[in-house]
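Asks: Structure incoming, see below.
The values are calculated or read from the model by the stated rules, or taken from the named source; none is laboratory data. Just so it is clear, the structure is predicted and the values come from calculations on it, not from any experiment. Neighbour counts are summed over all protein chains in view; Cβ atoms, including those assigned to glycine, are modelled from backbone coordinates with ideal geometry. The protein model used for the area step is the full one, side chains on, heavy atoms only, and it has no ligands, DNA or RNA in it. Shrake-Rupley method; radii C 1.70, N 1.55, O 1.52, S 1.80 Å.
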Amino acid sequence: MNLHYKSTRNSNLKVTASEAILTGLAPDGGLFVPEELPVLDVSMDQLKDMSYQETAYAVMKQFLTDFTEEELKNCIGKAYDSKFDTEEIAPLVKVDDTYYLELFHGATIAFKDMALSILPHLLTTSAKKNHVENEIVILTATSGDTGKAAMAGFADVEGTRIIVFYPKNGVSKVQELQMVTQKGSNVDVVAIHGNFDHAQSGVKAMFENQELAKELAGKGYQFSSANSINIGRLVPQVAYYVYAYAKLLANEEIADGEKINVVVPTGNFGNILAAYYAKQMGVPIDKLICASNENKVLFDFFETGTYDKNREFMLTSSPSMDILISSNLERLIYLIAGEDSEKTKELMEELKNGGSYTITSDMKDRLADFAAGFASEEKTAESIKAVYDKTGYVMDTHTAVASYVCGQYKEESKDGRKCVIASTASPYKFVKSVMTAIDDKYASADEFRLLEELQSVSGVTMPQAIKDILDAQVLHTLECDADKMEETVKGILKL
Ligand SMILES: *Cc1c(COP(=O)(O)O)cnc(C)c1O
């Protein structure tokens, strides 16, 4: 069977999986979605004994049907290898009565590695399959983690270039250092004077600019995206939810068929949407719990049915979730609108023009699989400390948002199901906030000294990714205003 993809804003546009990966965003500004959500064709009993790589294959082959077995296994093998510091790739750690699915064991110690270590391979394979001759220019907006993970994935990959935009004052010290020290002859990093939403809107505008596309083609270039709007990012993420469930079964933590809840610290809505896709594939997940930080636009949406980005943008200690426009929500909107691309388009235009939209009550009824909560800065810090004091486990600020929301959900709903928390970053990446949460005597300490301190507090060895930046050279210093992104790209590509 061949699964096609269509745009959330135009059901008549149909492309293959490899074409969708190559293009990133549909030409009408919509996102590519599978015509039909596939289901697993292997049983949990079989999945129970599979490695991460085998699980990834079982999941991804259902989505990427125009890839051959050899192509897909080759991509998976190159992605999930010794770049990860554990053979499990995504270990499931039991802390107290909760399970933390640690998605930060890759090259850049955040969960973006789960998808971005495979995307370059999916993309270059797609280019070959479709006889693309142009050099592919990956244009990426980052709230901190995507940028580094994408650069690490694409650095020196033949036939590609990558340009990353990040908010100058919106990322952690470690995140910034990771990006500006990135090696690779095909890599450029630009700090913009603005926030993540400016960066993301600027990138989207370039994708939709047909003039620019022509100019690029004239010089032998074409754009693609490494942001989670690319279906090639979303699909690999479905795999770890399947893996987590199979691990719970294998470890006899749950009974066959027992439903679990999943809690996801959410920004652009990619990770939690992958969990929703996993549920549609047949994984016994009951609630998908969306955890926001103080930029709680999603919490308000689930509560009221109104998405409203007209509000103050907060800089928080979980910067990778400092987002007011959650792009991937469009894929959920499309599903709850009964796959009505006209309706989806109308709502997205309202968002673009007025900054808000309200869904119908029928649509809201279809959100019953979801629950939502948010954590203030204070509660986030308290959660880090509480879990550390009780168990010795140190989690990062993003995971702490989810951990707090998880506890709050259990208390309010009296829902006793087991919870898996998507643990999205290593505490080393946000060391200042994490250590200060544990003890405020660290508030004025030097960030580099805190890295050592974290090692002794957590008993977890400093990851290679951190050691690498300690004495690396700064290679990128380019900055630009938020409305000058296109000029900057043209300058870099010498158009
Ligand atoms: C990107 C990111 C998130 C948010 O994930 P989305 O898929 O954008 O919702 C959460 N935590 C960390 C550490 C991240 O890097």
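Asks: Sort 211-218, 428-435 by packing, meaning the average of other beta carbons within 10 Å per residue, with the highest value first.
Replies: On the way: 211-218: 13.0, 428-435: 25.5.
Going by the mean number of other Cβ atoms within 10 Å, highest first, we get 428-435, 211-218.
Asks: With charges set only on the Cβ (+1 for Lys and Arg, -1 for Asp and Glu), what does the dipole of the range 38-85 come to about its Cα centre, in debye to the nearest 20? Could the numbers behind the result be given before it?
Replies: Numbers: 5 positive and 10 negative charges, 27 e Å.
I would put it at about 140 debye.
Asks: Here is a further query. Taking amide H atoms as placed 1.01 Å from N in the peptide plane, list the residues 5 or more away in sequence, or in a different chain, whose amide H sits under 5 Å from that of Ile285.
Replies: Amide H neighbours of Ile285, under 5 Å, 5+ apart: Ile260.
Asks: Something else about it: With an 8 Å Cα cut-off and a minimum separation of 6 or more residues, compute the relative contact order for the range 106-155 in percent.
Replies: Details: 32 pairs, mean separation 29.8, N = 50.
Dividing the mean separation by the residue count of the range 106-155 yields 60 percent.
Asks: Return the whole-Å distance between the Cα centroid of the range 110-184 and the Cα centroid of the range 249-291.
Replies: Using only Cα atoms, the two centres lie 27 Å from each other.
Asks: Please compute, over every Cα-Cα pair in the range 326-481, the percentage with a separation greater than 28 angstrom. Numbers along the way, then the final one.
Replies: Details: 5552 of 12090 pairs.
Tail of P(r) above 28 Å: 46 percent of Cα pairs.
Asks: Rounded to a whole number of µm²/s, how large is the Stokes-Einstein D of the range 1-143 at 20 °C and 1.002 mPa s, given Rh as the Kirkwood radius over C-alpha pairs? Write out the running numbers ahead of the final one.
Replies: Numbers: Rh = 16.8 Å.
Diffusion coefficient, whole number: 127 µm²/s.
Asks: Within 13 Å, Cβ to Cβ, of Asp256, how many net charges do the neighbouring residues add up to if Lys/Arg are +1 and Asp/Glu are -1? Please report the intermediate quantities before stating the final value.
Replies: Details: positive: Lys48, Lys259; negative: Asp45, Glu252, Glu253, Glu258.
Net of charged neighbours comes to -2.
Asks: Two decimals, Cα atoms only, Kirkwood Rh: what is Rg/Rh over the range 256-337? Kindly include the intermediate steps, with their values, before the conclusion.
Replies: Details: Rg = 13.5 Å, Rh = 13.5 Å.
Answer for the range 256-337: 1.00.
Asks: Further question: If amide hydrogens are placed 1.01 Å from N in the peptide plane, which non-local residues have theirs closer than 5 Å to the one on Ala337?
Replies: Residues meeting the criterion, in which the H sits 1.01 Å from N, do not exist here.
Asks: Mind checking the dipole of the range 147-191: about its Cα centre, +1 per Lys or Arg Cβ, -1 per Asp or Glu Cβ, Debye to the nearest 20? Present the calculation step by step, with values, prior to reporting the outcome.
Replies: Details: 5 positive and 4 negative charges, 37 e Å.
My answer is approximately 180 debye.
Asks: In percent, what relative contact order does the range 322-462 have, based on Cα pairs under 8 Å that are 6 or more apart in sequence?
Replies: On the way: 121 pairs, mean separation 24.0, N = 141.
Once normalised by length, the contact order is 17 percent.
Asks: Something else now. Provide the net charge surrounding Leu25, with neighbours chosen by a C-beta distance below 10 Å and charges set as Lys +1, Arg +1, Asp -1, Glu -1.
Replies: After counting each charged neighbour, the total is -1.
Asks: Heavy atoms only, probe 1.4 angstrom, no DNA, RNA or ligands counted: give me Glu176, Glu133 ranked by accessible area, highest first. Could you put the intermediate results ahead of the total?
Replies: Numbers: Glu176 40, Glu133 170 Å².
Reading off the accessible areas and sorting them downward yields Glu133, Glu176.
Asks: With a 1.4 Å probe and all protein chains left in place, how much accessible area per residue does the chain have, in Å²? Please report the intermediate quantities before stating the final value.
Replies: Working: 18760 Å² over 495 residues.
Ligands and nucleic acids excluded, the figure is 38 Å² per residue.
Asks: How large are Rg and Dmax for the range 358-430 when only the alpha carbon atoms are used, in Å?
Replies: Cα-based Rg and Dmax for the range 358-430 come out at 14.6, 46 Å.
Asks: Then there's this: For the chain, list log₁₀ I(q)/I(0) at each q in 0.06, 0.08, 0.10, 0.12 Å⁻¹, using the Debye formula over Cα point scatterers of equal strength and ignoring solvent, two decimals each.
Replies: Summing over Cα pairs of the chain leads to -0.24, -0.44, -0.71, -1.07.
Asks: Quick check: net charge around Glu88, other residues with Cβ under 15 Å of its Cβ, Lys/Arg +1 and Asp/Glu -1? Mind showing how you got there, number by number?
Replies: Values: positive: Lys48, Lys83, Lys94, Lys247; negative: Asp49, Glu54, Asp81, Asp85, Glu87, Glu102, Asp113.
Residues close to Glu88 contribute a combined charge of -3.
Asks: For the chain, what is the relative contact order in percent, using Cα pairs closer than 8 Å and at least 6 residues apart in sequence?
Replies: Relative contact order comes out at 18 percent.
Asks: With Rg and the Kirkwood Rh both taken from Cα atoms, where does Rg over Rh land for the range 1-43? Display every interim value, and only then the final one.
Replies: Details: Rg = 11.1 Å, Rh = 10.8 Å.
The Rg/Rh ratio comes out at 1.03.
Asks: Tell me, rounded to the nearest percent, the portion of alpha carbon pairs in the range 110-222 spaced more than 19 Å apart. Please report the intermediate quantities before stating the final value.
Replies: Working: 2977 of 6328 pairs.
Considering the range 110-222, 47 percent of its Cα-Cα pairs are separated by more than 19 Å.
Asks: When the Karplus curve 6.51 cos²θ - 1.76 cosθ + 1.60 is applied with θ = phi - 60°, which whole-Hz ³J(HN,Hα) does each residue of the range 334-342 get, with x for Gly and Pro?
Replies: 4, 5, 6, 7, x, 6, 8, 6, 5
Asks: Report ³J(HN,Hα) in whole Hz for each residue of the range 443-451, in order, from the Karplus equation J = 6.51 cos²θ - 1.76 cosθ + 1.60 where θ = phi - 60°; Gly and Pro get x.
Replies: Values, residue by residue: 3, 9, 6, 5, 4, 5, 5, 5, 4 Hz.
Asks: Return an integer: the convex hull volume of the alpha-carbon atoms of the range 434-495, in Å³ per residue. Working shown, then result.
Replies: Working: hull volume 9.0 nm³, N = 62.
Hull volume over Cα atoms, normalised by residue count, gives 146 Å³.
Asks: Out of every Cα pair in the range 1-76, what percent are spaced more than 14 Å from each other?
Replies: On the way: 1788 of 2850 pairs.
The proportion of pairs with Cα distances above 14 Å equals 63 percent.
Asks: Put a dot 7 Å past each Cα toward the Cβ at Lys14 and Asp97; how far apart are the dots in nm?
Replies: Once both label points are built, they end up 5.0 nm from each other.
Asks: Using a 10 Å cut-off on Cβ atoms, rank the peptides 308-317, 178-187 from the highest mean neighbour count down. It would help to have the intermediate numbers written out before the result.
Replies: Details: 308-317: 15.2, 178-187: 19.2.
The peptides rank, most packed first, as 178-187, 308-317.
Asks: A further question on this structure: Stick to Cα atoms and the Kirkwood definition of Rh, then tell me Rg/Rh for the range 307-359. Mind showing how you got there, number by number?
Replies: On the way: Rg = 12.5 Å, Rh = 12.1 Å.
A ratio of 1.04.
Asks: Counting only protein heavy atoms and a 1.4 Å probe, tell me what percentage of the range 97-235's accessible area is made up of carbon and sulfur. Please list the in-between numbers first.
Replies: Values: 1910 of 4120 Å².
Summing carbon and sulfur atoms, their accessible area is 47 percent of the total for the range 97-235.
Asks: Out of residues 5 or more away from Ala371 or on other chains, whose amide H comes under 5 Å of its own, with H placed 1.01 Å from N in the peptide plane?
Replies: Residues meeting the criterion, in which the H sits 1.01 Å from N, are Leu288, Ile289, Cys290.
Asks: Computed over the Cα atoms, what is the radius of gyration of the range 184-331 divided by 2.2 N^0.38 Å, N being its residue count? Display every interim value, and only then the final one.
Replies: On the way: Rg = 18.6 Å, N = 148, 2.2 N^0.38 = 14.7 Å.
The value comes to 1.27.
Asks: May I pose another question? Using the Cα centre as the reference, give the magnitude of the dipole from point charges on the C-beta atoms of the chain (Lys, Arg: +1; Asp, Glu: -1; all else neutral), rounded to the nearest 20 debye. Walk me through the numbers before you get to the answer.
Replies: Details: 49 positive and 73 negative charges, 93 e Å.
Here the chain has a charge dipole of around 440 debye.
Asks: Also, quick follow-up: Quickly estimate the mean residue ellipticity at 222 nm for the chain, helices only: each DSSP H run with n ≥ 4 gives -39500 (n - 2.57), and the total goes over all residues, rounded to 500.
Replies: On the way: 22 runs with 225 residues, N = 495.
Value at 222 nm, helices only, nearest 500: -13500 deg cm²/dmol.
Asks: Could you derive backbone 3J(HN,Hα) for the range 136-152 from the dihedral phi with the Karplus parameters 6.51, -1.76 and 1.60 (θ = phi - 60°), listing whole Hz in sequence and x where the residue is Gly or Pro?
Replies: For the range 136-152, the Karplus-derived couplings read 8, 9, 7, 10, 9, 9, 9, 8, x, 9, 4, x, 5, 5, 5, 5, 4 Hz, x marking Gly and Pro.
Asks: Which is farthest toward the positive dipole end of the chain among Leu288, Pro319, Asn230, measuring Cα position about the Cα centre, with Cβ charges +1 (Lys, Arg) and -1 (Asp, Glu)?
Replies: Asn230
Asks: Continuing with this model, one more query. Considering the options Leu122, Leu273, Thr304, tell which one lies farthest towards the positive end of the dipole of the chain, charges being +1 on Lys and Arg and -1 on Asp and Glu at the Cβ, about the Cα centre.
Replies: The residue sitting farthest along the positive end of the dipole is Leu122.
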